[in-house]
Amino acid sequence: MSGFDDPGVYYSDSFGPDPQTDDGQLLRTQIKKRMREFLRQYRVGSDRSGFTFKYRDELKRHYNLGEYWIEVSLEDLSSFDEDLADYLLKQPSEHLPLLEEAAQEVADEVTRPRPAGDEILQDIQVMLHSDANYANIRSLKSDQVSRLVKIPGIVISASAVRAKATRIAIECRGCRNIMNNIAVRPGLEGYTLPRKCNTEQAGRPKCPMDPYFIIPDKCKCVDFQTLKLQETPDAVPHGEMPRHMQLYCDRYLCDKIVPGNRVTIMGIFSIRKSGGTTNKGRDRVGVGIRGSYIRVVGIQVDTEGTGHGLIGTMSPQDEEEFRHLAAMPNIYEVIAKSIAPSIYGSADIKKAIGCLLFGGSRKRLPDGLTRRGDINLLMLGDPGTAKSQLLKFVERCSPIGVYTSGKGSSAAGLTASVMRDPATRNFIMEGGAMVLADGGVVCIDEFDKMREDDRVAIHEAMEQQTISIAKAGITTTLNSRCSVLAAANSVFGRWDDTKGEENIDFMPTILSRFDMIFIVKDEHNEERDMVLAKHVMNVHLSALMQTHAVEGEIELNKLKRFIAYCRSKCGPRLSAEAAEKLKNKY
């Protein structure tokens, strides 16, 4: 019971409390100071080679060019100050504006004195990029909200560039009171106008409810654009629909990408109110439900459509290995052997497919016409000769491969379709299989079962390598620089030797667009059938043991990267002897 009767000491503070500053404000000014130091002092290089102040010089160069943006690498930031990078990763929406303010102050220092006429300091946009491993659209769950995320994907549609206010001025209808410079939050969140006017003046009637309206002329606006990102096809589990994510870009990130590009997005995973509920009333379900979108703070465009960005990840050792491969004298045979090694025989077809995968070279003539450089190949023949297996393999080992079947694809699905955008009610265009496979291979199975008018749609794509469209007020031309690999059966199901020409049911117009046509027959030959049976049994018996490639073959992953590397680096040329031989044969 000790201390029971101790009343404590009471005193009154007559001098008022200490002038206390808000902790958060203090922390923010410290963080901003550190960020300013980072931009001012971060340098690359060593003492010997002389170092450059990376961000300071970049700010100055961009500012003088009239481009008010700078790209900051998160790795540099964390090597300068670990905590800063952590703050930026955990709470980006609070700390990114601080970084932009710091960049503006540094830009003010490095560009002084500015010439007459542009003394006003512009806002600087900071973009981030990072070499961290990326996540997947499917892995973005609620615990990632308002964090910095990095996801890859394909941009499938882009809206027009519109303006969004960052600061607005509002005026009261009743008493003409103007409130200036109200900040609007960035992103797709709106701003709710105040319900009541709070200027009380004696002898005036009170202002009505909702008196404010926006004065458009006094608003500051920035450009913004919304994009739709779809996850990459290789990340989609089998039998699932690809997921989509809405992106919001502003200022200098607008118009940086066009639909069809493969990109890696760095952004803030944020939420916004879902569309207004139609049924007004008590039973409003989904009061706290929010839709998600990503506020983009950095875009990396992987290579323009071709090669899935495989080239970007290539190390010098790989290049060395590929050059070594290419110098082998029998590389042509090796590649032909590595194409679908589990399928026996048909060496000519495999060589032809090898040529198709590596592609030719496009020629642009002086009068502006182009000759296509992609090879088209048709396999006609009996059932059971592993045509579809070859097609499936090519789809897997081509850097960009699209596989469709003849009966299940329409003309619009192969070329392009015009549809109405549900949000804006405008017509938008979505590319089909031939446009998506730009720079790769389209495999079409059951080519003879396609409807005749659908087959006509491919004519232009195969020869001119463009797809022209004139529907619903949209007149445009899309690129489709892709090879076509098609497989078909003959008219009678099996190839009938007595009928000759009648086996082929195609129009001459479509046949003339194929460079190579193979007739695959299933011959009745006891010796060949024995070898084939042996081969098939071996494949089934040693399926468990044989995980690595056989001697003299390149494994699939390496072959895929080799093809991507060759397509981006080489353009084959026709030698004089080859040209002479072709002429004589013709």
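Assess whether PRO208 counts as being out of contact with any Pro (no Cβ under 8 Å at 6 or more places or on another chain) and free of Cβ contacts under 8 Å to residues at least 40 places away in the same chain. So PRO208 passes the test. Scanning region 142-161 for residues that are of a type in the set (Gly, Ala, Ser) and part of a strand (DSSP E or B) gives GLY153, SER157, ALA158.
Looking only at region 506-526, residues that are in a loop (DSSP other than H, G, I, E, B) and out of contact with any helix residue (DSSP H, G or I) (no Cβ under 6 Å at 6 or more places or on another chain) come to 10 in all. Among the residues of region 421-431, just one is open to solvent by less than 50 Å² (accessible area, probe 1.4 Å) and aliphatic (A, V, I, L, M), namely ILE428. Remark: pairs (first residue in region 117-140, among the β-branched types (Val, Ile, Thr); second residue assigned to a loop (DSSP other than H, G, I, E, B) and at pLDDT 85 or above; Cβ separation under 8 Å; 6+ apart in sequence or on different chains) = ILE124/TYR68; ILE137/GLU231; ILE137/ARG243. Taking the condition assigned to a helix (DSSP H, G or I), among the charged types (D, E, K, R) and open to solvent by 70 Å² or more (accessible area, probe 1.4 Å), does LYS581 pass? Yes. Here ASP445 clears all of (1) in contact with a Pro (Cβ under 8 Å, 6 or more places away or on another chain); (2) open to solvent by less than 80 Å² (accessible area, probe 1.4 Å) except the condition numbered (1). Being in contact with a His (Cβ under 8 Å, 6 or more places away or on another chain) and closer than 22 Å to LYS350 by Cα is the requirement here; does ARG528 meet it? No; evaluated as a whole, the condition is false for this residue.
Can you give me the ranges of the helices (runs of 4 or more DSSP H) entirely in region 319-420 with at least 1 residues that are open to solvent by less than 70 Å² (accessible area, probe 1.4 Å) and β-branched (Val, Ile, Thr)?
Correct list: 331-338, 347-358, 387-397.
Given the residues SER490, SER468, which is the only one that is over 19 Å from LEU378 (Cβ atoms) and of a type in the set (Ser, Thr, Tyr)? Result: SER468 is the single residue among SER490, SER468 that is over 19 Å from LEU378 (Cβ atoms) and of a type in the set (Ser, Thr, Tyr). Remark: pairs (first residue in region 276-302, outside any loop (DSSP other than H, G, I, E, B) and among the charged types (D, E, K, R); second residue at pLDDT below 70 and open to solvent by less than 100 Å² (accessible area, probe 1.4 Å); Cβ separation under 9 Å; 6+ apart in sequence or on different chains) = ARG290/SER274.
Do you know which residues across region 146-161 are among the β-branched types (Val, Ile, Thr) and either surrounded by 19 or more Cβ atoms within 10 Å (Cβ to Cβ) or free of Cβ contacts under 8 Å to residues at least 40 places away in the same chain (or both)? So that I can check it myself, show each step before the final result.
Kept after step one, since they are among the β-branched types (Val, Ile, Thr), are these residues of region 146-161: 149, 151, 154-156, 161.
Correct list: VAL149, ILE151, ILE154, VAL155.
If the condition is being open to solvent by less than 30 Å² (accessible area, probe 1.4 Å) and either outside any strand (DSSP E or B) or small (Gly, Ala, Ser) (or both), then region 460-492 contributes ALA461, MET462, GLN465, SER480, CYS482, SER483, ALA486, ALA487, ALA488, SER490. The set of residues from region 55-71 being in contact with a His (Cβ under 8 Å, 6 or more places away or on another chain) and open to solvent by less than 30 Å² (accessible area, probe 1.4 Å) comprises just one member, ILE70. Which pairs turn up if I take residues in region 384-411 that are within 15 Å of ASP448 (Cα to Cα) and look for partners that are of a type in the set (Lys, Arg) and assigned to a loop (DSSP other than H, G, I, E, B) with beta carbon separation below 9 Å, at least 6 apart in sequence or on another chain? Within 9 Å, the pairs are GLY406/ARG451; LYS407/ARG451; SER410/ARG451; ALA411/ARG451. Count of region 509-537 residues, restricted to those that are open to solvent by 70 Å² or more (accessible area, probe 1.4 Å), over 39 Å from the mean Cα position of the chain (by Cα) and of a type outside the set (Asp, Glu), is 7. In region 327-342, the residues that are polar (S, T, N, Q) form Cβ pairs under 7 Å with partners that are assigned to a loop (DSSP other than H, G, I, E, B), at six or more places apart or across chains, as follows: SER338/GLU553; SER338/ILE554.
The values are calculated or read from the model by the stated rules, or taken from the named source; none is laboratory data. Since the model is a prediction, treat every value here as computed from it, not as a measurement. Counting neighbours? That spans all protein chains shown, and the Cβs are built from the backbone with ideal geometry, glycine included. Note: accessible area is taken over every heavy atom of the protein model, side chains too, but ligands, DNA and RNA are not part of it. Shrake-Rupley method; radii C 1.70, N 1.55, O 1.52, S 1.80 Å.
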